Amino acid sequence: MTHTIDNVNHSGDDVLDLVHTVMHQVRSLQYRHLRDGPHAITHMDSRVLGYFGRHPGATQSDLAAHSGRDKAQLARLVKGLRDRGLLVATADEDDRRNVRLSLTADGEKVDASLRERALQLGGDAVAGFSTTEREQLARLLRKVQVNLDTQG
């Protein structure tokens, strides 16, 4: 499918629509190879795996605080990932009521695959860009992020 982009009269809404479209394309390409795999990873699954990959031994409450997501939704995601053997839970040594979560060996493989695919897609997305263009794009996106951060 070929997409055309109208470069005339782009407002802020058009820019955000374009950012959304690009991210949708990235997510679609990133998860296509895992969706049909043995673990059927979704976008939210990958976010949870990535969090515990970066924060092994964190709690579900830590994830909720970090993500701002609904605790019930996160509980379902964590349970599903545990049931599929991608996350393992251990009781906190200091407080047995807390459960610490970490990636299993399979979870680490899936997380590594997702990170590798993200790097590949990032490179593909800016193929043909000069170093200056890449730096300019990153600078402009950071500026958008800062502008939006001041809205919250």
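None of the figures in this text is laboratory data; all of them are computed from the coordinates on show. Here the structure is a predicted model, which means the values were calculated and not measured. Heads up, the Cβs are rebuilt from the backbone with ideal geometry, glycines too, and the neighbour counts pull from every protein chain shown.
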- Expressed as a whole-number percentage, the relative contact order of segment 12-121 with C-alpha contacts under 8 angstrom and at least six residues apart is 28
- Item | Segments 94-104, 41-51, 14-24 sorted - mean Cβ within 10 Å per residue, highest first | 41-51, 94-104, 14-24
- Message: With angles folded into 0 to 90 degrees, how steeply does helix 12-35 sit against the dominant principal axis of the chain? Use alpha carbons for both and round to 10.
- Response: 50
- Task: Taking only Cα atoms and a 10 Å spring cutoff, compute GNM fluctuations for the chain and point out the largest among 60, 136, 73.
- Result: 136
- Multiply the residue separation of residue 90 and residue 64 by 0.36 nm, subtract the distance between their alpha-carbon atoms, and state the gained length in nm to one decimal. 7.6 nm
- Label point at residue 108 placed 7 Å out along Cα→Cβ; residues across segment 39-56 whose backbone nitrogen lies under 13 Å: 53-54, 56
- (i) -0.58, -0.87, -1.11, -1.34; (ii) -0.49, -0.75, -1.00, -1.29; (iii) -0.58, -0.81, -1.01, -1.29, with the label sought being that of the calculated log10 I(q)/I(0) by the Debye sum over Cα atoms at q = 0.11, 0.14, 0.17, 0.21 Å⁻¹: (i)
- Mind listing the long-range amide H neighbours of residue 58? Cut-off is under 5 Å, sequence gap 5 or more, other chains count too, H placed in the peptide plane at 1.01 Å from N. 101
